[in-house]
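Take a look at the structure set out below.
The values are calculated or read from the model by the stated rules, or taken from the named source; none is laboratory data. All of these numbers come straight from a predicted model, not from anything done at the bench. Cβ placement follows ideal geometry from the backbone for every residue including glycine, while neighbour counts extend to all protein chains displayed. In case anyone asks, the SASA skips ligands and DNA or RNA and just uses the protein heavy atoms, side chains included. Shrake-Rupley method; radii C 1.70, N 1.55, O 1.52, S 1.80 Å.
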Amino acid sequence: MYLTLLFTIGVPIAIVVYIVRSDRFPEPTNLIVKTFFVGVFLCWPAGFLNSFIFVLQDILGFEDMSFLAGFTEEPLKFLAFMLFIKANTEFDEPMDAIVYGTIISLGFATYENIEYVYLYNEEFSSLFIAILRAISAIPLHASCGVIMGYYIGLYVFKGDNKYIVQALLIPIFIHALYNYLTGFSGLIFFGYLILVIYFAKSLHNRFLAEQQFKTIEKETKLS
């Protein structure tokens, strides 16, 4: 039981801690916690919107249209960031966008994990589902949060509108293709996931490198 809970909740929270601690200029704990629960809250509108995917599957007669979840979940995360974080005074440098974007994504993923492990799973052991999601869905959500945050950070502090388009469309595409590939072999599926993680980590490293040359955190928002 405790091992299942560790994989279900412990893994996403561990990634949150890693991202938060990687920031040279740490964000306030109260905003970190609030942002995490904003991500948790997104599970309800996402569930409502995703319910229409199953209706569409039945109407069109397709076996699996789960890839469409990328078109509902990522825009909700994006909207949450733009409404809850963008104007906040604590969001004052590009790295903050990665921090808060990842926290929103993992707040969402943590509650989604609880649903899949404890509520919806009837076929496999809870521990098996928890481990499987810890090495697949959780890294995917975290990576999408990093990627979205990276491009939002560029948009806000560089002022180029192309970045806000990338902030939304790239995570949608990555998430949708991830869901689509769940029907393929493990080699293809996990190979793709590793590439996504590598891409997200490379973006994170870019902002980490920029921070090494800064003496103060605050930058001017251009968008």
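Structure notes:
- Looking only at the stretch 162-193, and only at residues there that are aromatic (F, W, Y) and over 15 Å from S136 (Cα atoms), the one that is least open to solvent (accessible area, probe 1.4 Å): Y163
- Given (1) among the charged types (D, E, K, R); (2) at pLDDT 95 or above; (3) open to solvent by 70 Å² or more (accessible area, probe 1.4 Å), index of the condition E63 fails: (2)
- Any hit, the stretch 90-101, residues being touching a Ser or Thr at 6+ places or on another chain (Cβ under 6 Å), buried (at least 20 other Cβ atoms within 10 Å of the Cβ) and either over 24 Å from L169 (Cβ atoms) or without any contact (Cβ under 8 Å) to a residue 40 or more places away in the chain (or both): no
- Restricting L68, L42, L3, L79 to those that are over 30 Å from E219 (Cα atoms) and either touching a Lys or Arg at 6+ places or on another chain (Cβ under 8 Å) or surrounded by fewer than 17 Cβ atoms within 10 Å (Cβ to Cβ) (or both) reduces the list to L3.
- Boolean, E112 is of a type in the set (D, E), under 13 Å from the mean Cα position of the chain (by Cα), closer than 11 Å to M148 by Cβ and buried (at least 17 other Cβ atoms within 10 Å of the Cβ): no
- Of the helices (runs of 4 or more DSSP H) lying entirely inside the stretch 114-186, those containing at least 3 residues that are modelled with pLDDT of 95 or more, in contact with a Cys (Cβ under 9 Å, 6 or more places away or on another chain) and not basic (K, R) span 161-181.
- Residue in the stretch 188-198 that is outside any helix (DSSP H, G or I) and either among the aliphatic types (A, V, I, L, M) or farther than 28 Å from V117 by Cα (or both) present: no
- Residue count, the stretch 1-39 (criterion: β-branched (V, I, T), closer than 15 Å to T110 by Cα and free of Cβ contacts under 8 Å to residues at least 60 places away in the same chain): 2
- Selection from the stretch 45-60 of residues that are surrounded by 11 or more Cβ atoms within 10 Å (Cβ to Cβ) and either touching a residue at least 60 places away in the same chain (Cβ under 8 Å) or closer than 17 Å to A80 by Cβ (or both): P45, A46, G47, L49, N50
- Taking helices (runs of 4 or more DSSP H) as the structural unit, those lying wholly within the stretch 1-107 and holding at least 1 residues that are small (G, A, S) correspond to 11-22, 29-41, 43-60, 70-80.
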